Structures are given as structure tokens and as C-alpha cells.
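The values are calculated or read from the model by the stated rules, or taken from the named source; none is laboratory data. Everything quoted here is computed from the prediction, not taken from an experiment. Reconstructed Cβ throughout: ideal geometry from the backbone, glycine too, with neighbour counts over all protein chains shown. Ligands, DNA and RNA are stripped out before the accessible areas are found, and what is left, the full protein with its side chains, is counted by its heavy atoms. Shrake-Rupley method; radii C 1.70, N 1.55, O 1.52, S 1.80 Å.
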Amino acid sequence: MTRAVFENSALSADKLRRTIDPNSLQLSPRSDLSEPMVLVGQERGTDAIKLASAVEHRDFNLFVLGPAGTGRHQAVRDVLAKEAATRPVPDDWAYVNNFEEPHKPKSLRLPPGTGTKLRRAMQAMVDDLANDIPALFESDEYQTQRRAIEQEFGELHESEMADFIERARSEEIAVLRSPMGFVLTAMQDGAPVKPQEFNQLPEQQQEEINEKIERLQEDLAKVLRNAPNLEKQHRHRVEELNADMAERVVSSTIDEVEALFPNERPILDYLAAVREDVIANAELFLMSSEKNDDGPFPAEVSKHHLHPNFSRYSVNIMVSHPPKSSGAPIEKVDLPTLDQLTGRIEHLSQMGALITNFTMIKPGALHRANGGYLVLDARSVLSEPLAWDALKRCLRDQQVTITSLAERLSLASTTSLEPDPVPLNVRVVLIGDRLLYTLLVMLDPDFGELFKLQADFEDAIEINESSMNLFARLIVARATTDVSRELLPPAVARVMEEAIRDADDAKKFSLRLDGLIDLIREADHYAGRAGRDAISRADIECAVNEKEKRASRIKEKMREAVARDIMLVEISGNQIGQVNGLSVIGLGGYRFGSASRITASVRLGSGKLIDIEREVELGGPLHSKGVMILSGYLTSTYALDVPFSLHASLVFEQSYAGVEGDSASSAELYALLSALSGLAINQGFAVTGSVNQSGGVQAIGGVNEKIEGFFETCQLKGLTGEQGVLIPESNVQHLMLREDVVDAVRDGRFRIIPVASINDGVSILTGAPAGTRGKDGAFPEGSVNARVEERLLEFARKRRDFAKVDRGVEQESAK
């Protein structure tokens, strides 16, 4: 085809790139942008967040999905903060000792700010009792009553023993005390009889003495057996005295604490249990007092309530809200482990053993967010052992149960606690991507029950006058918080153009704002290095170019291979069965286009189309599907009344990695048609686009990168003005090419030609008309399609002739 022909169908430069006129933007001064801007084009997502934040019913937890950088986190923060400010401050929660079952600490639900007040009151109570109880037990009144009890039981014990000794003496039996206890022996003339003298006594007298001793020993045993009972009564009387005396101080002190919380039934019930325990264990305060004249600890070191003996009266605050606070809490956890979510029980190593008590219970994010909102990264929760399971259990049961990871996995066998579960009222917001959301919906039956709402954030927004100005203001507002220099209108326009390119659509702005803000930050650096007070378009352009330069090492290596003819790509001349196909290579967030030689070979066969990439397992399923569609197109378009007698093969030359996608299917079909028709393809063109079974050329992705990739290849080998790229007509609306490519098209050094069908493309590539079937059912003579059909009919005739020859040979052999 001559240059004049394809010039008529080539796109003009003004259709290759959408530009933003800085003068058309209605930008506000930086001083007017102090208020945070609402996200543009994310009404669907923000409305879902608002619903989740306000609805009262349980299980309306939220999953925020969408691509990274679209402002999901910012939207969640802004919407939740606004709604949280209107909600009441949630209650405080604390754990206190269970005096009857210490391994089952009790939870207290308290009005906001009451937890800290109760803890201070209990600390003051312990400090007071630690001083008052020892002073009480050192008072004259207590000492007098204690001495009276001691004297009473001492006299009672001594009188019983004295009565026994007197009775034994009246029977001339002496009671002697020895290291082994009491010994009974006979007396004579008021003195104990020695063993030698006892043996000289008459036998009858000895027997009488032994009978007395045996009888008296039984009486002595009764006296001695009664001694523990007396001691028990003695101890009981002392305990009663201690309790009576302690109750005076304890009741007075606890009454003062109760007066601080007159209407709080949980606190009053707890203080009643404290009253009983302190009275029953008043000796704890005496023991601490005896250790140091200055109290349990010297005043300059500690307070009484810090003594280990008094931890039983501590108040372990899990969550407390300042009295003057307002609104519900918003808790965000970056590392949502099991302990971070549900809390943990710490242990202390003591004498080689691990011990714990209720003061070692630590709160988790669910405790802190109770009554408000908990924001989590979905991928982080799912990657932490047992965290997702624990979160679901707490939401389902509507209570927080503290369970350690070691206990769940049976990795530790040690004494632990069973604290009361804390009732839970929280709205959980998970932030993740669409794939993760889809997998959870498909694989986790609990997910749909617990997370009934989804906030789906858009990737891009349609460009119109309203959205253009809103988007420009949003960029300026975000830049105001990140950079100190002003963003000039031409710079704003250049950032917006980059947003269009990121969207892969000339009619849309990409809403991935994080990348645009990073670009502005880098441009701010270049502006500062140049000594400018504002960020210009040149600074943005510099940032774009430097970003490209940092990521383009692999691309440059591939371009070098093309320039040195290591990787074979022709950009001039004509070849049969050979075409330049285009692909996109992605490395992280960086993409670039690359040209590859695609070849096709044909011969007589049984109707088999071989995809070499698939045969060697380098072709993905979408690429294989595209090749199968080619076979469908050939069989439904040519030689309809004869068997399909083609054997063809297709391959990406010098391709050593996987090939995926169907964007090369049109190029592969062009190569096949060239090989069948015998018409050469102009190698100055590269081709992209998928094809359907009717021969229509369909849109593909990465059209900008593909065009620029072939343009750079042509630059390396020399632009002649005859080169260009064939793209699907439906991809014209996606064009946002680099300015150097646009300039080359404007100067007539490069061409971009849209095609709607295979017939359009093959006419441009071969320079011959494609041809359409006439009323007689035949293609025009000399057209591409006529040549292809004639070749396929020839294959069919030869196949039939070979079949006749084979049958004749078989019949001759049979004779």
C-alpha cells in the first residue's frame, strides 16, 4: 500500500494525547484549602462507609476493597471520625480480683472515666489501711484485750495441769517434765523415788504404784489432748478480736470509697467483697508493717498499694476514657496478632515457675475499640496465626475472650487465668483488595454473615467539566498537606495528564492518588534544588522522566539487543508469513512495550493449527484461546464446502518466557493469511489487537506502552516515515501517548492506524485489497481472501488426490 493510502486512515496528532489547559482549571488559593477535600468519584465507597458507621444492627461490618492508592484509608478515617464524634463515649472496663476463685477475675463495666477514679480510690484505701491497721493493733485498747485473752487461756491451761499435778501428788505420784514430755513416778517423803529404791519395794506396793501411774497417765493424756482445743479456741478468740478491731477501720475506710460511687452497683458489690477479704486478712497489713519501720516500702521508694501483698486489691483498667472526652474510639492496628486483637495474659518467672494474676491481663485492640470502630488491614489479619479465627469468634459471640496463642496451640502447660469475657459492641472495617474479598466470599462461610457491607472504590473517574475542576482541587489540596511549595496551574495540568495516562483511558482520570502525590513530592525536590519557590510543569516533567529512567534498565537492555540485531525485529521491507507483534512487559509498577517477530508456516494437512507456545507450555490459557479462535475464523470464512486441509504452525520468535493474553491473535492471523496468500507483509508496521471468530478486531490493554515500544525500536533503527502501528479502532479512546511520539506523528515520521476488522488490517499490511464475497459466493480475483481460499481449496484437492492414490495402493496390495 502506498504512503498516501494509509495516511488517509492514520490518526492525526490531536487524537493521540489528551492535554489539559491550565487556564481552564478553576483552582482555589492554598489558603482556601485548609479543609480536607472529599474524595472525587468515590461516592459509592464513601456511602457504604457512612452506612456501616451509622447502622446499629450487628454484623454490619465493612470490607473496603479497591486498588491501593485510591484513598481508601483516608476515606475510612474521615467518615469514621465524623460519625464517631456524634456517638456517646463508651464505658470503662476493668478487671478486679475474684476473692472466691482467684483464677477467674471479674470484669467491671463502669461509666466513662470511673475506672481511673476507682483505681485511685482503691490505692488510697490500701495506703490508709496499711497505716491505720498497724496503728490500731498497736493501740492500748487492742493490747489490753489481747493480754486479757492471753491471760485467760494461759490460766485455763495452767489450771487444768495444776489440778492434775495436785491430784497426782495427793496419790504420792510426781509429775516430771522431760525432753520427751511429761513423766509420772512414785513419791516417798515428798521426793521422787529412784529406780533402785522402787525395785526394793515390796511387789504388792510396786503393783499399786503402777496401777496409779497407768490411771493417771490416762488422765494426763486427756489433759494434753484438750490443749490443742484450748489453743484453737485461743486462736479463734484472737481472730475475732482482730476482725472486730479491723472492721472498725475497714468499714470506715471503705464507706468513704463507697460514698464516691453511690449509684454504681458493680462497684458497691465489689467493695462488699473487698470489705470481707480485708477483715479476714488484716494480718497482711501487719506483716508488711513489720518488715520496715517506714511501712511496706520507704515513702521515697513506693506507696503502700504497690506492695505485692496488696495486689489483690488492685484495679486493672483495660479501657478508660477521660471524663472530658467525647465521641467513640477509632482504633487502627498495624500488626493484628492474636494478642494485639484480643489481649493477653502475661506471666512472671518466680523460683523457676511461671505465675500470673489478674493484674497481668493486658487489653487488646478489641477492648480499646469497644463501643467504636476497629480498622484492620485484611491481608495482615489473615496472615497472623489464629488472628482471623479469633476476630470472627469475638464478632459472632459479641464478647472478647482472652486466649493466648501458646494455649491454643498447646505449647505451654502453666497456671493461667479464666477472666470474664467482656461484652463487645464494635464495628470492624477491613481494608483489602478485590481478589482477597472474592476469596473470602468464596472460601469462608462466616465472612458473608459477619461482613454484610462492602465499600468498592473506583479505579478511575469520567472526565467532564465538573470532575476536572474537582480533581484539580483535590490534587492541590493533597499537595498542600505534603509539600511546602505552591503547585502552579501548568504543573497541576501536567499531573492531571499523568492521571489520565495511569487510567489507560483518555476519557478518565486515575483515582490512584498516592502515585500522583509521590510525583509531586519528587517534583518539589527538583524545584527546591533549582531554587524555585513554586512547582512548575518542568519540575513535574522532570519527575516523570526520572521515574522512567530509574525503572527502565531492563527495557534499555532489550532495546540494545534489538539495535545490535541480537533480537531480530525488522522495521522495513516485506516478508511472507512474518509480522511484528506487540506485547507489554510489567516489572512491579513499571510497564513497557516490546516488539516481537511472529511467524507462520503452512502446508497441506488434516486441519491442524499448532500453537508452538502452547505445545512447549509457554503459552497461557488466554493466548491458547486466541489461537483457537483463529482456527474458528479460518474454517468459517474460507473453503466452506471442502474439508479443512491445512497444517499450520505459529510461534513468537526468540521468546523464552511465558506468553499470555490474546492481544497478539490478530497479528498471528495476519501472519497466517500472508503465508496462505503468498502476499508479503510490510515490516514497517507492528500490530496489536485480539480477534473474534467473525474477524472483528477487539480492544486490548496497554495500547500506549505497545505503541511507544515499537516507536522506540524504530527510533533505534531509524524512522523513515513509513512505519507505524495498527491498533484496534476501539482503543483510540484510550490513547495517551508520550509527547515525543505525538510530535513524530505530527511531523509525519510515524503512523498510528486504527482498524476495525481483519480485512482492514490485512489490506494495509499487504497493500492488496482484502475482498468480500460477491453474490456469486466468490471473493474478487487477486484479493487477499481470494488467494487464501484458493490455497486452501488446493490443499483440499491434493488431500483428496492423495486419498485416491492411497486407496489404489491398498487395492493393489490386496490383489
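Please go through region 591-615 and pick out each residue that is under 14 Å from Lys706 (Cβ atoms) and either β-branched (Val, Ile, Thr) or open to solvent by 70 Å² or more (accessible area, probe 1.4 Å) (or both). The answer is Arg591, Ile598.
Considering every residue within region 527-535, establish whether at least one is within 35 Å of the chain's Cα centre (by Cα), more than 30 Å from Asp397 (Cα to Cα) and among the hydrophobic types (A, V, I, L, M, F, W, C). The answer is no; no qualifying residue exists. The set of residues in region 745-756 being open to solvent by 30 Å² or more (accessible area, probe 1.4 Å) and either farther than 19 Å from Gln723 by Cα or part of a helix (DSSP H, G or I) (or both) consists of Arg746, Ala756.
Which condition does Leu488 not pass, out of (1) out of contact with any helix residue (DSSP H, G or I) (no Cβ under 6 Å at 6 or more places or on another chain); (2) within 30 Å of Gly343 (Cβ to Cβ), if it passes all the others? The single condition Leu488 does not satisfy is (2). The set of residues in region 527-554 being among the hydrophobic types (A, V, I, L, M, F, W, C) and surrounded by fewer than 18 Cβ atoms within 10 Å (Cβ to Cβ) consists of Ala530, Ala534, Ala538, Ala551, Ile554. The number of residues in region 715-741 being in a helix (DSSP H, G or I), among the polar types (S, T, N, Q) and either open to solvent by 30 Å² or more (accessible area, probe 1.4 Å) or more than 23 Å from Gln683 (Cβ to Cβ) (or both) comes to 3. Selection within region 470-485: residues that are polar (S, T, N, Q) and not in a loop (DSSP other than H, G, I, E, B). The member of this set that is farthest from Ala378 (Cα to Cα) is Thr480. The set of residues from region 106-116 being surrounded by fewer than 19 Cβ atoms within 10 Å (Cβ to Cβ) and at pLDDT 90 or above comprises Arg109, Pro111, Thr116. No other residue among Gly71, Gly66, Gly41 is at pLDDT 85 or above and either of a type outside the set (Lys, Arg) or surrounded by 16 or more Cβ atoms within 10 Å (Cβ to Cβ) (or both) apart from Gly66. The single condition from (1) touching a strand residue (DSSP E or B) at 6+ places or on another chain (Cβ under 8 Å); (2) in a helix (DSSP H, G or I); (3) crowded, with 17+ Cβ neighbours inside 10 Å that Val79 fails is (1). Screening the candidates Ser624, Ser594 for the property of being in contact with a helix residue (DSSP H, G or I) (Cβ under 6 Å, 6 or more places away or on another chain) and without any contact (Cβ under 8 Å) to a residue 24 or more places away in the chain yields one hit, Ser624. Taking region 48-60 as the range and being without any contact (Cβ under 8 Å) to a residue 40 or more places away in the chain and within 23 Å of the chain's Cα centre (by Cα) as the test, only Lys50 passes. Residues being at pLDDT below 90, crowded, with 17+ Cβ neighbours inside 10 Å, out of contact with any Phe, Trp or Tyr (no Cβ under 7 Å at 6 or more places or on another chain) and not basic (Lys, Arg) are represented in region 404-411 by at least one member. Could you tell me whether any residue of region 583-590 is open to solvent by less than 20 Å² (accessible area, probe 1.4 Å), at negative phi and either part of a helix (DSSP H, G or I) or touching a residue at least 60 places away in the same chain (Cβ under 8 Å) (or both)? Checked against the condition, which is being open to solvent by less than 20 Å² (accessible area, probe 1.4 Å), at negative phi and either part of a helix (DSSP H, G or I) or touching a residue at least 60 places away in the same chain (Cβ under 8 Å) (or both), region 583-590 yields no hits at all.
Here is a yes/no grid of residues against (1) on the phi > 0 side of the Ramachandran plot; (2) open to solvent by 30 Å² or more (accessible area, probe 1.4 Å); (3) assigned to a loop (DSSP other than H, G, I, E, B); (4) not aromatic (Phe, Trp, Tyr):
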position	(1), (2), (3), (4)
Gly701	no, yes, yes, yes
Thr713	no, no, no, yes
Asp743	no, yes, no, yes
Leu765	no, no, no, yes
Gly771	yes, no, yes, yes
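Within region 422-434, does at least one residue satisfy the condition of being crowded, with 20+ Cβ neighbours inside 10 Å, part of a helix (DSSP H, G or I) and at pLDDT 90 or above? No, the conditions are met nowhere in region 422-434. Across region 273-330, the number of residues qualifying as of a type in the set (Gly, Ala, Ser), open to solvent by 30 Å² or more (accessible area, probe 1.4 Å) and at pLDDT below 65 comes to 2.
Give region 222-237 a look and list any residue that's at pLDDT 70 or above and either touching an Asp or Glu at 6+ places or on another chain (Cβ under 6 Å) or open to solvent by less than 80 Å² (accessible area, probe 1.4 Å) (or both), or say none. Across region 222-237, there are no qualifying residues.
For region 684-737, name all the residues that are aromatic (Phe, Trp, Tyr), within 25 Å of Lys508 (Cβ to Cβ) and touching a residue at least 40 places away in the same chain (Cβ under 8 Å).
Scanning region 684-737 gives a single hit, Phe710.
Please verify whether region 555-569 includes one or more residues that are open to solvent by 70 Å² or more (accessible area, probe 1.4 Å), touching a residue at least 12 places away in the same chain (Cβ under 8 Å) and part of a helix (DSSP H, G or I). No, region 555-569 has no match at all. So, in region 441-469, of the ones that are free of Cβ contacts under 8 Å to residues at least 24 places away in the same chain, part of a helix (DSSP H, G or I) and out of contact with any helix residue (DSSP H, G or I) (no Cβ under 9 Å at 6 or more places or on another chain), which residue ends up farthest from Leu39 (Cα to Cα)? Going through the qualifying residues, I end up with Leu443. Being among the polar types (S, T, N, Q), closer than 28 Å to Asn785 by Cα and modelled with pLDDT under 90 is not true of Ser730. Scanning region 597-615 for residues that are in contact (Cβ under 8 Å) with a residue 60 or more places away in the chain and within 12 Å of Gln654 (Cβ to Cβ) yields Ile598, Thr599. Residues of region 1-32 that are open to solvent by 80 Å² or more (accessible area, probe 1.4 Å), more than 30 Å from Val784 (Cα to Cα) and at pLDDT below 75: Ser31, Asp32.
Restricted to region 82-96, and to residues that are of a type in the set (D, E, K, R), over 24 Å from the mean Cα position of the chain (by Cα) and open to solvent by 20 Å² or more (accessible area, probe 1.4 Å), which residue is nearest to Arg312 (Cα to Cα)?
The selected residue is Asp91.
The set of residues from region 340-379 being open to solvent by 30 Å² or more (accessible area, probe 1.4 Å) and closer than 21 Å to Val429 by Cβ comprises Gln340, Pro363, Arg368, Asp377, Arg379.
With respect to (1) open to solvent by 50 Å² or more (accessible area, probe 1.4 Å); (2) in contact (Cβ under 8 Å) with a residue 60 or more places away in the chain; (3) among the hydroxyl-bearing types (Ser, Thr, Tyr), the lone exception for Thr438 is condition (2).
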